[in-house]
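Student: Dropping the structure in here first, questions after.
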Amino acid sequence: MSVMKHPRLALLALLLAVVALLATACDDNPPTIGILEPDLGANTEASRLAFLETLKDAGYEAGDNVRFHRRNYEFRDDPYDELAGYLANDKKVDFFFAMSPEALEAIAKVANGKPIVYAFAGGVVNRPPNALGISAPSSASVDYKALGKAAGDIMAQLLNGIPLSAIQVPSPK
């Protein structure tokens, strides 16, 4: 049976090919980043906004080609572990951004090897092998915006497909 003898079959095949091409061209499932932060204070806000702005400058815009789910510990009865579990299990995020040592510890328990980027003031006790980031000693002179920018640089590299092991941690500027 020749396709030329059956123009409807040829048209149907062409239509299916176009639909398949459009389906692969449209990415309706962009990567998702789960953000776990300690509070709503000015320092957290400065760090998160710098993180988001750095990703935007790298071509990652919320709603267009990346999604964000944020959980905040302040004024909540839920412990960090439950908030991290919500991001990992309910929202099924692809990447994590931990904004405190407690957030890093909680996310490490549920990340199942997914990359974790962190930035905060305070020490990192045990950095999991799937985590990379920057921390500064706690002091009044911490540049939280620079911490967020450095974390955004790391996350942008991950989103660009660079393996965690190949990423150099930028120094905060």
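The values are calculated or read from the model by the stated rules, or taken from the named source; none is laboratory data. If you're wondering where the values come from, they're calculated on a predicted model, not measured in any experiment. No Cβ is skipped: glycine too gets one built from the backbone with ideal geometry, and neighbour counts run over all protein chains shown.
Student: Taking only the stretch 57-100 into account, find how many residues are surrounded by 12 or more Cβ atoms within 10 Å (Cβ to Cβ), within 26 Å of P129 (Cα to Cα) and either of a type in the set (A, V, I, L, M) or touching a residue at least 60 places away in the same chain (Cβ under 8 Å) (or both).
Tutor: Count: 15.
Student: Hey, among the residues in the stretch 104-124 that are in contact (Cβ under 8 Å) with a residue 40 or more places away in the chain and under 14 Å from the mean Cα position of the chain (by Cα), which one's nearest to P30 (Cα to Cα)?
Tutor: Selected residue: P115.
Student: Looking at the stretch 81-135, which of its residues are under 22 Å from A50 (Cβ atoms) and assigned to a loop (DSSP other than H, G, I, E, B)?
Tutor: Answer for the stretch 81-135, where residues must be under 22 Å from A50 (Cβ atoms) and assigned to a loop (DSSP other than H, G, I, E, B): V93, D94, M99, S100, P115, G122, G123, V124, R127.
Student: Continuing with this model, one more query. Looking at the stretch 136-150, which of its residues are hydroxyl-bearing (S, T, Y) and assigned to a loop (DSSP other than H, G, I, E, B)?
Tutor: The answer is S138, S139, S141.
Student: Of all residues in the stretch 153-165 being part of a helix (DSSP H, G or I) and at pLDDT 95 or above, which is nearest to G59 (Cα to Cα)?
Tutor: My answer is A156.
Student: When the stretch 39-62 is examined, which residues are found to be assigned to a loop (DSSP other than H, G, I, E, B) and either modelled with pLDDT of 90 or more or outside the structural domain of V93 (by TED's automatic domain parsing) (or both)?
Tutor: Listed by number, the residues that qualify are A58, G59, Y60, E61.
Student: Does I167 meet the test of being of a type in the set (A, V, I, L, M, F, W, C), under 23 Å from T54 (Cα atoms), in contact with a Leu (Cβ under 7 Å, 6 or more places away or on another chain) and surrounded by 19 or more Cβ atoms within 10 Å (Cβ to Cβ)?
Tutor: no
Residues are listed down the side, and each one gets a yes or a no for (1) of a type in the set (S, T, Y); (2) loosely packed, with under 14 Cβ neighbours inside 10 Å:
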{"site": "V117", "(1), (2)": "no, no"}
{"site": "P129", "(1), (2)": "no, yes"}
{"site": "S139", "(1), (2)": "yes, yes"}
{"site": "G148", "(1), (2)": "no, no"}
{"site": "A156", "(1), (2)": "no, no"}
{"site": "L159", "(1), (2)": "no, no"}
{"site": "P172", "(1), (2)": "no, no"}
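Student: Which of the residues belonging to the stretch 13-38 are surrounded by 10 or more Cβ atoms within 10 Å (Cβ to Cβ) and modelled with pLDDT of 85 or more?
Tutor: Result: P30, P31, T32, I33, G34, I35, L36, E37, P38.
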